[in-house]
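The values are calculated or read from the model by the stated rules, or taken from the named source; none is laboratory data. Everything quoted here is computed from the prediction, not taken from an experiment. Cβ coordinates were reconstructed from backbone atoms using ideal geometry, including for glycine residues, and neighbour counts include every protein chain displayed. Only protein heavy atoms, including side chains, enter the accessible area calculation; ligands, DNA and RNA are left aside. Shrake-Rupley method; radii C 1.70, N 1.55, O 1.52, S 1.80 Å.
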Amino acid sequence: MGAELRRDDMEVAEEDISDSQAFRFVEHVLQSVRMDPFQVDLRDKEEYDSLLSIVDSSKKRSFDDEALLVTTLKALSEAVSKIDIMYHHALLNNIFTMSIWYLNSDTRDALLSLITRLAAVADQFLRECLQMLVNNFTPPGSLTAFIGQPRWLARKKEIYSQLHESLRMISDTVPLAPRMLKDIIDRSMPKLFDKKSKIVSFVECMLGLDNDRMGDLIGALLLAKVVDLLTELDALFGGNACAEKLDGLMVVFCEHLKSCKEHGRLPQEFDILKTIFRASVLRVHKSKFAQFIMFYACSLDPEICGLEFALFLSDIFIKKEEDSISRMSAVSYVGSYLSRARFISADTVVGILKRLVDWCVDYCDLQNNIGITTKPINHQIFYASCQAVMYILCFRLRSIMDYPNLKSQLFNMPFGYILTHPLEPLKVCLPSIVDEFLRQAKAARLFNASIHSEFEDALESDLSKTFGGMNRLDMFFPFDPYLLKESDRYMRPNFEFWSMVKTTYNNYNSDVDDELVDLDAPEMNVGSLDDHVEIDLNSDDDLEYSMNKMSITPHRSFFHQMMANSDTGLTMPARIRPSVSPPS
């Protein structure tokens with residue numbers, strides 16, 4: 001493929017020349033300026049300046065200019081051994097500042113081929129080559145408005161593929177490259193206040209590296225950086241712009257997990273995510289959305305990932321070596337997860353419940369032996385586990401009752417011993433959860449009549465009525481209804497809203513017709529629970545209103561009124577804002 005190299009644009013020759021002639025000419029130009037600038041021949045300097053003009057990163061090009069650039073880039077690739085960082089600094093600067101987004105496919109191939117060859121030059125250009133490729137993870141600002149158009153979406157996919165292939169080739173050729181790439185990606189990560197388009201594009205391209213050998217080399221770092229960005233945005237959540245960034249990132253991450261599932265890599269990816277979740281998310285009580293990456297990953301593979309996550313959380317809770325904050329968070333997570341994950345089987349729920357109940361029994365026995373102190377703050381982990389057990393059963397008791405073998409296992413668990421223990425968990429846990437749990441347990445005949453009478457006395461106690469005071473249980477529900485609009489489509493099909501729950505009192509102790517069994521109990525005021533509310537991301541007022549509805553802060557007058565008429569029952573906690581606890 002020849003190209004016209006004329007004296008008036010490259011000052012080489014007046015006739016057409018072949019690629020091989022162009023290669024020799026470029027090699028000659030590079031060699032002719034490898035000396036003190038004052039000793040360079042004027043003609044050689046002019047030819048070098050013409051070469052710089054062809055590879056000018058800021059230049060707009062015609063079709064002929066683009067063809068000339070392709071030939072020149074290929075010639076430079078053949079002459080990389082002649083390129084010197086001292087004498088060809090201006091040329092290298094032009095190369096490393098080029099944006100591949102404006103180039104056609106052939107030109108991109110030629111430029112990226114040059115970059116991969118330059119990277120292989122020992123101790124010379126590796127960092128600059130990697131940085132140039134990472135810089136192209138995001139399109140130039142002028143393209144932001146068009147990147148969502150079909151023709152640009154296709155080009156974006158092609159560009160990402162070319163960038164990934166170039167980075168893989170460099171990593172295969174230069175052993176030091178993956179470690180250096182980690183550092184460059186770390187330094188180049190988008191900042192919280194960057195535009196959504198920049199954040200989402202960078203992360204989308206970056207996650208594309210998390211496959212094959214590149215994933216083995218740097219995959220854990222890539223996932224950790226994205227999760228860190230998610231949790232930081234989550235902690236700062238507020239206002240339209242922040243919500244859109246978080247929403248866009250969740251879409252990109254969910255698409256990445258779906259791709260991992262399709263290519264058989266999800267189990268390995270999930271193992272990495274568990275470690276990252278343990279280090280970066282578990283103890284962050286302000287997190288409202290980042291944890292849903294685990295929820296979605298589990299929904300893609302319930303039998304392996306779904307079960308593993310439940311066991312992983314319960315293991316953290318049970319281990320005495322873990323700190324108390326991690327243990328309380330873990331049991332809060334497992335309670336919320338088993339309640340909300342529609343893809344988790346009833347036998348898994350019963351198995352985890354048994355682990356929690358067995359731990360509670362051991363804890364009660366220990367307190368009996370060492371002497372009981374009734375200050376709730378000294379037994380927060382115990383109360384957290386009791387609340388998690390009751391919360392799970394509020395959502396899952398009816399479904400468990402449909403399986404005789406699981407019902408038998410559940411009825412053999414010593415709930416009465418735990419909940420009537422002198423530590424009095426019913427007086428510390430959220431009254432709304434306690435009330436709903438007792439209503440369903442009574443309808444299912446989970447306890448005998450004498451135990452139910454003792455429970456009702458506990459509900460009428462002054463301590464229970466004054467929940468929200470200094471003895472409150474500081475808990476949160478990490479998998480409450482998901483409020484991000486665009487990424488909601490990944491969560492909703494697998495999420496159990498309270499309005500979907502079949503309660504035992506509708507099945508065993510109600511006069512409603514069979515055709516109404518699937519509906520929520522009339523007393524529960526379903527419309528005010530956790531039915532999904534769409535956020536208008538263009539309205540900060542609407543967003544703030546929706547977030548405020550997640551608050552678990554109880555109004556004292558509300559509890560006194562509901563306690564005074566216990567037949568109506570308390571409403572289950574709905575949009576519970578993990579970052580807000582009831583005021584002391």
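If the range 78-154 were replaced by its equivalent ellipsoid, with semi-axes equal to the square roots of 5 times the Cα gyration tensor eigenvalues, what would those be, largest first, whole Å?
27, 12, 10
Residue by residue, what Karplus-based ³J(HN,Hα) values in Hz, rounded to whole numbers, does the range 43-55 have, using 6.51, -1.76 and 1.60 with θ = phi - 60° and x for Gly and Pro?
Taking θ as phi minus 60°, the curve returns 4, 5, 5, 5, 5, 5, 4, 5, 4, 4, 5, 5, 9 Hz for the range 43-55.
So what is the accessible area of the range 17-97 per residue, in Å², with the probe set to 1.4 Å?
52
Could you grab the Rg to Rh ratio for the range 17-97? Cα atoms only, Kirkwood for Rh.
Result for the range 17-97 is an Rg/Rh of 0.94.
Through the Karplus equation 6.51 cos²θ - 1.76 cosθ + 1.60, θ set to phi - 60°, convert the phi angles of the range 157-170 into ³J(HN,Hα) values in whole Hz; use x for Gly and Pro.
Taking θ as phi minus 60°, the curve returns 4, 5, 5, 4, 4, 5, 5, 4, 5, 5, 5, 5, 4, 5 Hz for the range 157-170.
At SER326 and ILE370, where each label point lies 7 Å from the Cα along Cα→Cβ, what is the point-to-point distance in nanometres?
Using points 7 Å along Cα→Cβ, the separation is 2.0 nm.
Please work out how much length the chain gains when fully extended from SER188 to ASN240, using 0.36 nm per residue of separation minus the C-alpha to C-alpha distance, in nm with one decimal.
Using 0.36 nm per residue and subtracting the Cα-Cα distance, I get 16.2 nm.
Taking the alpha-carbon centroid of each part, what is the distance from the range 345-416 to the range 32-82 in angstrom?
75
Over the Cα atoms of the range 217-363, what Rg and Dmax result, in angstrom?
Looking at the range 217-363, its Cα Rg and Dmax stand at 15.6, 49 Å.
What pairs in LYS407/LYS502; LYS245/LYS485; LYS354/LYS407; LYS198/LYS225; LYS156/LYS485; LYS156/LYS195 have C-alpha atoms more than 20 Å from each other?
From LYS407/LYS502; LYS245/LYS485; LYS354/LYS407; LYS198/LYS225; LYS156/LYS485; LYS156/LYS195, over 20 Å: LYS156/LYS485.
Taking the mean number of other Cβ atoms within 10 Å as a proxy for protection, how do you rank 99-108, 38-47, 214-223 from highest to lowest?
214-223, 99-108, 38-47
Computed from the mean reciprocal separation of all distinct C-alpha pairs, what Kirkwood hydrodynamic radius does the range 319-388 have, in Å?
It is 13.1 Å.
What is the distance in Å between the Cα centres of the range 89-136 and the range 150-216?
So the separation of the two Cα centres works out to 14 Å.
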